Amino acid sequence: MSSQPGNVPVLVLREGSGRSKGRDAQRNNIMAAKTIAEAVKSSLGPRGMDKMLVDSSGDVSITSDGRTILDRMDIDHPAAKMMVEVAKTQDEEVGDGTTTSVILAGELLGKAEDLINKGVHPTVIVEGYIKAADKALETLEKIAVPVKLTEKEFLLKVAATAMASKLVAEQKEHLAKIAVEAVLSVAQKVGADCLVDLDDITIEKKPGESLTETRLIEGVILDKEVAHSEMPKRVEKAKIALLENALEIEKTEFDAKISIERPEQIESFLREEENMLKAMAEKIVTAEANVVVCQKGIDDMVQHFLATKGVLAVQRVKESDIKKLSMATSGKPVTNLEGLTKSDLGFAELVEERKIGDDRITFIEGCKNPRSVAILIRGADKRFLDEAERSVHDALCVVRDVIQAPKIVAGGGAPEMEIAKVLKTYAQSLPGREQLAVQSFGEAMEIVPLTLGENAGLDPIDMLAELRTRHEKGEKCAGVDVFEGKIRDMGKLDVYEPLAVKKQTIKSAVEAATMILRVDDVIASGRAKAPPMPQGGMPGGYGGM
């Protein structure tokens, strides 16, 4: 709203709209972003705490995963929503480091607020942060250790490190082996590069047993039971026909009438239908298939014929599962049954229906060189299984990151301390106020080891002082050992993280912080008001509704 010389108010924004500008807008946005960072701070690291999230329907989730925590919080503030987007981007790009990226973004904004209070313009801070980020990424490249994909031990270390801060930390070695084997199975060489599509790895979770019973299936798990009770429940040396069409006589799209004059014509008509269905089953048997996986339905008559021939059949399987079966068994999905030949069949050592809990599930395993595999996670209850699935997904992601960009760095806050040391020197080479921004960026990087130590109950001041000293002496891998409460060489403790995760953490945090810093005016539309109710309630006599 503004007023003209005649003191007549001019309404520019709709009634109910809000506006904050200048320092107020910046302060509000920074405060909202820092609040989000504080919310996830205590969940960082192996000694971090879990969060219990209860949604509006009363459903409970227990997790330490930054993305999940922020996704399930009911956040309204626009700047806070931007921090949630940071976690989403981090998770979608590299699958790990979500909590770190949010904490770092919050700390960068906190340091920027101190500079703004000292009279440094936000644009100068943003330019300084961008220069500092470039230097930080360059430093990460220098301290990264290249790995060969034939050296599985580094992949195992990276996967175990990703799960060290999760609920499943006790079984991290067992799960790390499963994650590495799964990713290596589906990895494909494309020229000089190695590519991994995690959609080729199916994760199934079933309550019961314990986490130690979690295992890798070299094939596919179908959440379906065998179609007919008389069919075999177990087939070894399976030759699998993958069918995309229904094993039924399709109804015509137009109306048809049949004139029947004698009773025997009815019998002839029914026999003809039976012969057609029998021919479908014969075609499968002739192709020497002993397992049928059909995307659509299988007629009861065909099921009966297949059962008498000892063929195991599964019907109404998802299209995505047919594709995965094709990749796992090397079978070719067939649209027209007439064209089915021996060469189209896939192979698996074993196809078996098993009862797990209340469900009957079909396992197709023992495939030769499968390019699609499955992980069956077992555990005590649904909430534990959900967190175990998130943990295994993080492990799969970090192994994929190393395979696609084979470089790793030490964990435990070591790379962040090395970046802080480099930026302190780099800042002194810059003129003007940008120097202050670069210096603040370096100090913000120290929040990662500081938080790791705080969550483990260590003295943050003594710990940070020792870390700085060790890095000044050239110990690039010196980080926080949260279990012993000491500063130790992370390489000797086998704590490693993918370079790709660390780089994305810095990129995500810097982009979020700079975007929020550039905002100096927040204009919020007024919420739409409901129209007034007419007297006597709703029209049409529904007043009491």
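Since every read-out is calculated from the coordinates, none of them should be taken as a lab result. Since the model is a prediction, treat every value here as computed from it, not as a measurement. For neighbour counting, all protein chains shown are included, and Cβ atoms are generated from backbone atoms with ideal geometry for every residue, glycine included.
At-a-glance table
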{"quantity": "Surrounding net charge for THR341, when Lys and Arg each add one and Asp and Glu each subtract one, Cβ distance under 14 Å", "calculated": "+1"}
{"quantity": "Dipole-positive endmost among TYR426, CYS194, MET280 within the chain (Cβ charges, Cα centre)", "calculated": "TYR426"}
{"quantity": "For the stretch 87-198, size of Cβ-based charge dipole, Lys and Arg +1, Asp and Glu -1, in debye", "calculated": "220"}
{"quantity": "Cα centroid separation, the stretch 177-226 to the stretch 154-175 (Å)", "calculated": "16"}
{"quantity": "For the chain, convex hull volume per residue from C-alpha positions, Å³", "calculated": "266"}
{"quantity": "Value at 222 nm in deg cm²/dmol, rounded to 500, when DSSP H runs of n ≥ 4 in the chain each add -39,500 (n - 2.57)", "calculated": "-15000 deg cm²/dmol"}
{"quantity": "Relative contact order computed over the chain (Cα-Cα under 8 Å; 6+ residues apart), in percent", "calculated": "25"}
{"quantity": "Links that overshoot a 32 Å alpha carbon limit, given the list LYS157/LYS318; LYS51/LYS473; LYS152/LYS476; LYS152/LYS424; LYS51/LYS157; LYS88/LYS177", "calculated": "LYS157/LYS318; LYS51/LYS473; LYS152/LYS424"}
{"quantity": "Ratio of Rg to Rh over the stretch 219-369 (Cα coordinates, Kirkwood Rh, two decimals)", "calculated": "1.04"}
{"quantity": "Ordering of 51-58, 81-88 by packing [mean C-beta count within 10 Å, highest first]", "calculated": "81-88, 51-58"}
{"quantity": "For the stretch 287-434, fraction of C-alpha pairs farther apart than 22 Å, in %", "calculated": "62"}
{"quantity": "Among 390-397, 333-340, 126-133, the order from most to least packed when residues are scored by Cβ within 10 Å on average", "calculated": "390-397, 126-133, 333-340"}
{"quantity": "Neighbour-count ranking [beta-carbon atoms within 10 angstrom, fewest first] of MET231, MET276, MET327", "calculated": "MET276, MET327, MET231"}
{"quantity": "Packing-based order for 398-405, 281-288, using average beta carbon neighbours within 10 Å, highest first", "calculated": "398-405, 281-288"}
